[in-house]
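K.L.:
The following block contains the structure, expressed as structure tokens.
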Amino acid sequence: MVITREFEFDAAHKLVNYQGKCENLHGHRWKIQVSVQAPVGKDGIAFDFVQLKEIVEEKVMKKLDHSYLNDLLPQPSTENIAIWIWGRLKELPLYEIKVWESPTSFVAYKGAKQEV
């Protein structure tokens, strides 16, 4: 079963060594989806939505909301933000992280592929 919770935050950033409008300081109303994967337990629950919210709020949202993302990441692209979130939540049974920088533009990240 895949369980997903959505979150929104406001933050500013600029892209370093990028040529275009996004090289200038600007902000977004970001949206993230955190999806975990777990089997349904005897109680009928795969992963508690309340617990997922509490963990994401503590480990991710407190750092991101109303922040200057360049203070957290040297290059705060949407892709790097997704990777950063994954790292902050790596103790969860993560399935996928999605990060929207606008209503029509997002990235989906399922973790680094394991080398065989």
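K.L.:
Identify all aspartates and glutamates with a Cα-Cα distance to residue 98 below 14 Å; exclude those on the same chain that are fewer than 8 residues away in sequence.
P.N.:
Those aspartates and glutamates meeting the cut-off are 6, 8, 79.
K.L.:
I want to verify a result. In a Gaussian network model of the chain, Cα cutoff 10 Å, which of these has the top mean-square fluctuation: 81, 97, 45?
P.N.:
It is 45.
K.L.:
Restricted to Cα positions, what overall size does the chain have along the principal axes? Three whole-Å values, descending.
P.N.:
53, 36, 25
K.L.:
Mind listing the phi-derived Karplus ³J(HN,Hα) values for the stretch 50-62, rounded to whole Hz, using 6.51, -1.76 and 1.60 with θ = phi - 60°, and x for any glycine or proline?
P.N.:
5, 5, 4, 4, 4, 5, 5, 4, 5, 8, 10, 5, 4
K.L.:
Would you mind checking the pairs 42/110; 62/110; 14/90; 42/62 and listing those with alpha carbons more than 31 angstrom apart? All intermediate terms of the calculation are to be shown ahead of the outcome.
P.N.:
Working: 42/110 27 Å; 62/110 23 Å; 14/90 26 Å; 42/62 33 Å.
Over 31 Å apart, Cα to Cα: 42/62.
K.L.:
May I pose another question? Give me Rg/Rg_expected for the stretch 1-55, where Rg uses Cα atoms only and Rg_expected = 2.2 N^0.38 Å with N residues.
P.N.:
Working: Rg = 17.4 Å, N = 55, 2.2 N^0.38 = 10.1 Å.
After normalising by residue count via 2.2 N^0.38 Å, the value is 1.72.
Here, each number is a calculation from the coordinates, and none is a lab measurement. Source: prediction; values computed, not measured.
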